[in-house]
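K.L.:
Right, I'll just put the structure down here and ask away after.
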Amino acid sequence: MYSSLTGVIPYIAEISLMIHIGSGFIAIALGLIVMRSRKHYGIHTKGGVLYHWLMFAVCLTAILLCVLAWPRIWWLLPVAIGSYALALLGYLSARARRQNWLPLHVSCQGGSFIALITAFLIVNWEFLTGEVGLYSIWAWIIPTIVGTPIIMWVQREIALGRRPHR
(Lines give C-alpha, C1' and ligand atoms only; values in the text may rest on other atoms or scores of the structure.)
Protein backbone atom coordinates (compact mmCIF):
# COMPACT_ATOMS: atom_id res chain seq x y z
CA MET A 1 0.00 0.00 0.00
CA TYR A 2 2.78 2.48 0.88
CA SER A 3 4.54 1.87 -2.45
CA SER A 4 1.42 2.86 -4.39
CA LEU A 5 1.17 6.01 -2.28
CA THR A 6 4.75 7.12 -3.01
CA GLY A 7 3.98 7.24 -6.73
CA VAL A 8 1.20 9.75 -6.06
CA ILE A 9 3.13 12.02 -3.70
CA PRO A 10 5.25 13.74 -6.39
CA TYR A 11 2.07 14.67 -8.27
CA ILE A 12 0.44 16.00 -5.11
CA ALA A 13 3.56 18.05 -4.38
CA GLU A 14 3.72 19.35 -7.95
CA ILE A 15 0.05 20.37 -8.03
CA SER A 16 0.32 21.92 -4.56
CA LEU A 17 3.38 23.88 -5.59
CA MET A 18 1.64 25.19 -8.73
CA ILE A 19 -1.39 26.28 -6.68
CA HIS A 20 0.90 27.78 -4.03
CA ILE A 21 2.96 29.80 -6.52
CA GLY A 22 -0.09 30.92 -8.51
CA SER A 23 -2.07 31.93 -5.43
CA GLY A 24 0.92 33.73 -3.94
CA PHE A 25 1.68 35.61 -7.14
CA ILE A 26 -1.95 36.70 -7.56
CA ALA A 27 -2.14 37.66 -3.86
CA ILE A 28 0.92 39.90 -4.23
CA ALA A 29 -0.47 41.61 -7.34
CA LEU A 30 -3.95 41.90 -5.85
CA GLY A 31 -2.59 43.18 -2.54
CA LEU A 32 -0.86 46.03 -4.33
CA ILE A 33 -4.03 46.87 -6.26
CA VAL A 34 -6.28 46.71 -3.20
CA MET A 35 -3.93 48.86 -1.11
CA ARG A 36 -3.96 51.57 -3.77
CA SER A 37 -7.68 51.40 -4.60
CA ARG A 38 -10.35 53.74 -3.25
CA LYS A 39 -11.69 52.58 0.09
CA HIS A 40 -15.33 51.86 -0.72
CA TYR A 41 -17.44 48.99 -1.97
CA GLY A 42 -15.94 47.65 -5.16
CA ILE A 43 -12.33 46.90 -5.94
CA HIS A 44 -11.15 47.34 -2.35
CA THR A 45 -13.81 45.21 -0.70
CA LYS A 46 -14.15 42.52 -3.36
CA GLY A 47 -10.39 42.41 -3.82
CA GLY A 48 -9.96 42.13 -0.05
CA VAL A 49 -12.23 39.09 0.08
CA LEU A 50 -10.33 37.47 -2.79
CA TYR A 51 -6.99 38.32 -1.08
CA HIS A 52 -8.20 36.52 2.05
CA TRP A 53 -9.07 33.36 0.10
CA LEU A 54 -5.81 33.48 -1.85
CA MET A 55 -3.91 33.70 1.44
CA PHE A 56 -5.92 30.73 2.68
CA ALA A 57 -4.86 28.76 -0.42
CA VAL A 58 -1.23 29.84 0.06
CA CYS A 59 -1.34 28.69 3.68
CA LEU A 60 -2.97 25.32 2.96
CA THR A 61 -0.59 24.50 0.15
CA ALA A 62 2.38 25.63 2.25
CA ILE A 63 1.32 23.28 5.04
CA LEU A 64 1.04 20.40 2.58
CA LEU A 65 4.40 21.22 0.99
CA CYS A 66 6.03 21.43 4.42
CA VAL A 67 4.70 18.00 5.31
CA LEU A 68 6.05 16.57 2.04
CA ALA A 69 9.47 18.27 2.22
CA TRP A 70 10.01 19.08 5.89
CA PRO A 71 13.84 19.15 6.05
CA ARG A 72 14.08 21.66 3.17
CA ILE A 73 11.19 24.02 3.81
CA TRP A 74 10.22 23.66 7.47
CA TRP A 75 10.67 27.44 7.88
CA LEU A 76 7.71 28.04 5.57
CA LEU A 77 5.22 26.63 8.08
CA PRO A 78 5.35 29.44 10.69
CA VAL A 79 5.51 32.09 7.95
CA ALA A 80 2.45 30.61 6.21
CA ILE A 81 0.39 30.19 9.37
CA GLY A 82 1.36 33.63 10.67
CA SER A 83 0.63 35.39 7.40
CA TYR A 84 -2.76 33.70 7.06
CA ALA A 85 -3.64 34.42 10.70
CA LEU A 86 -2.95 38.11 10.06
CA ALA A 87 -4.94 38.08 6.80
CA LEU A 88 -7.86 36.36 8.54
CA LEU A 89 -7.86 38.78 11.48
CA GLY A 90 -7.66 41.77 9.12
CA TYR A 91 -10.49 40.37 7.00
CA LEU A 92 -12.69 39.62 10.01
CA SER A 93 -12.07 43.05 11.56
CA ALA A 94 -13.29 44.71 8.36
CA ARG A 95 -16.34 42.45 8.24
CA ALA A 96 -17.32 43.03 11.89
CA ARG A 97 -16.42 46.74 11.93
CA ARG A 98 -16.38 46.98 15.69
CA GLN A 99 -15.15 50.17 17.33
CA ASN A 100 -11.62 51.09 16.16
CA TRP A 101 -11.57 48.27 13.61
CA LEU A 102 -9.66 50.18 10.95
CA PRO A 103 -6.23 50.31 12.66
CA LEU A 104 -6.44 46.55 13.33
CA HIS A 105 -7.46 45.91 9.73
CA VAL A 106 -4.56 47.98 8.36
CA SER A 107 -1.98 46.40 10.68
CA CYS A 108 -3.10 42.83 10.04
CA GLN A 109 -3.50 43.10 6.27
CA GLY A 110 -0.22 44.99 6.04
CA GLY A 111 1.49 42.40 8.22
CA SER A 112 0.17 39.54 6.10
CA PHE A 113 1.45 41.27 2.99
CA ILE A 114 4.88 41.77 4.60
CA ALA A 115 4.97 38.05 5.45
CA LEU A 116 3.95 37.18 1.88
CA ILE A 117 6.72 39.33 0.43
CA THR A 118 9.19 37.90 2.97
CA ALA A 119 8.45 34.34 1.85
CA PHE A 120 8.70 35.41 -1.79
CA LEU A 121 12.11 36.99 -1.20
CA ILE A 122 13.47 34.06 0.77
CA VAL A 123 12.50 31.63 -1.99
CA ASN A 124 13.81 33.87 -4.80
CA TRP A 125 16.77 35.51 -3.06
CA GLU A 126 19.35 33.19 -4.60
CA PHE A 127 18.07 34.01 -8.09
CA LEU A 128 18.14 37.74 -7.25
CA THR A 129 21.48 37.93 -5.41
CA GLY A 130 23.31 34.60 -5.66
CA GLU A 131 23.01 34.11 -1.89
CA VAL A 132 20.67 31.49 -0.36
CA GLY A 133 17.63 33.37 0.95
CA LEU A 134 17.04 31.17 3.97
CA TYR A 135 20.41 32.23 5.36
CA SER A 136 20.29 35.88 4.33
CA ILE A 137 19.25 38.28 7.06
CA TRP A 138 18.35 40.78 4.32
CA ALA A 139 15.78 38.50 2.69
CA TRP A 140 14.12 38.15 6.08
CA ILE A 141 14.12 41.81 7.14
CA ILE A 142 13.83 44.00 4.02
CA PRO A 143 10.03 43.60 3.76
CA THR A 144 9.65 44.54 7.43
CA ILE A 145 12.04 47.49 7.12
CA VAL A 146 10.06 48.82 4.13
CA GLY A 147 6.53 47.82 5.18
CA THR A 148 6.45 48.74 8.85
CA PRO A 149 7.02 52.50 8.38
CA ILE A 150 4.28 52.52 5.72
CA ILE A 151 1.85 50.82 8.10
CA MET A 152 2.85 53.24 10.87
CA TRP A 153 2.29 56.22 8.55
CA VAL A 154 -1.17 54.95 7.55
CA GLN A 155 -2.01 54.36 11.24
CA ARG A 156 -1.00 57.95 12.01
CA GLU A 157 -3.09 59.25 9.11
CA ILE A 158 -6.09 57.28 10.44
CA ALA A 159 -5.57 58.68 13.96
CA LEU A 160 -5.43 62.22 12.53
CA GLY A 161 -8.63 61.61 10.54
CA ARG A 162 -6.94 61.97 7.14
CA ARG A 163 -7.44 58.35 6.08
CA PRO A 164 -9.14 56.69 4.41
CA HIS A 165 -9.88 58.97 1.48
CA ARG A 166 -13.37 58.24 0.26
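K.L.:
Where only protein heavy atoms count, and the probe is 1.4 Å, what is the accessible area per residue for segment 63-130 in Å²?
P.N.:
57
K.L.:
Right, here's the next one. How many percent of the accessible area of segment 1-120 is carbon or sulfur, using a 1.4 Å probe?
P.N.:
So the carbon and sulfur contribution to the accessible surface is 74 percent.
K.L.:
Placing +1 at every Lys and Arg Cβ and -1 at every Asp and Glu Cβ, with all other atoms neutral, what dipole size does the chain have around its Cα centre, in debye to the nearest 20?
P.N.:
Details: 12 positive and 4 negative charges, 220 e Å.
Here the chain has a charge dipole of around 1060 debye.
K.L.:
Still on this structure, please answer the following. Please list, by residue number, everything in segment 44-86 whose backbone N is under 11 Å from a paramagnetic label point 7 Å out along Cα→Cβ of PHE127.
P.N.:
Once the point is set 7 Å along Cα→Cβ of PHE127, nothing inside segment 44-86 turns out to lie under 11 Å by backbone N.
K.L.:
Among 88-98, 142-152, how do they line up from the highest to the lowest mean number of other beta-carbon atoms within 10 Å? The partial results should precede the final answer.
P.N.:
Working: 88-98: 16.1, 142-152: 14.4.
Final packing ranking: 88-98, 142-152.
K.L.:
With runs of 4+ DSSP H residues as the only contributors, calculate the mean residue ellipticity of the chain at 222 nm using -39,500 (n - 2.57) per run, divided by the residue total and rounded to the nearest 500.
P.N.:
Helix contribution divided over all residues of the chain: -29000 deg cm²/dmol.
K.L.:
Apply the Debye scattering formula to segment 62-166, with a single equal point scatterer on each alpha-carbon and no solvent, then give log10 I(q)/I(0) at q = 0.10, 0.15 Å⁻¹.
P.N.:
Taken in order of the listed q values, log10 I(q)/I(0) reads -0.35, -0.70.
K.L.:
Something else about it: Using alpha-carbon pairs under 8 Å, 6+ residues apart, how would you state the relative contact order of segment 9-55 in percent?
P.N.:
39
The values are calculated or read from the model by the stated rules, or taken from the named source; none is laboratory data. Here the structure is a predicted model, which is why all the values come from computation and not from measurement. Cβ atoms come from the backbone with ideal geometry, glycine included; neighbour counts cover every protein chain shown. We work out accessible area using only protein heavy atoms, side chains counted, and drop any ligands, DNA or RNA first. Shrake-Rupley method; radii C 1.70, N 1.55, O 1.52, S 1.80 Å.
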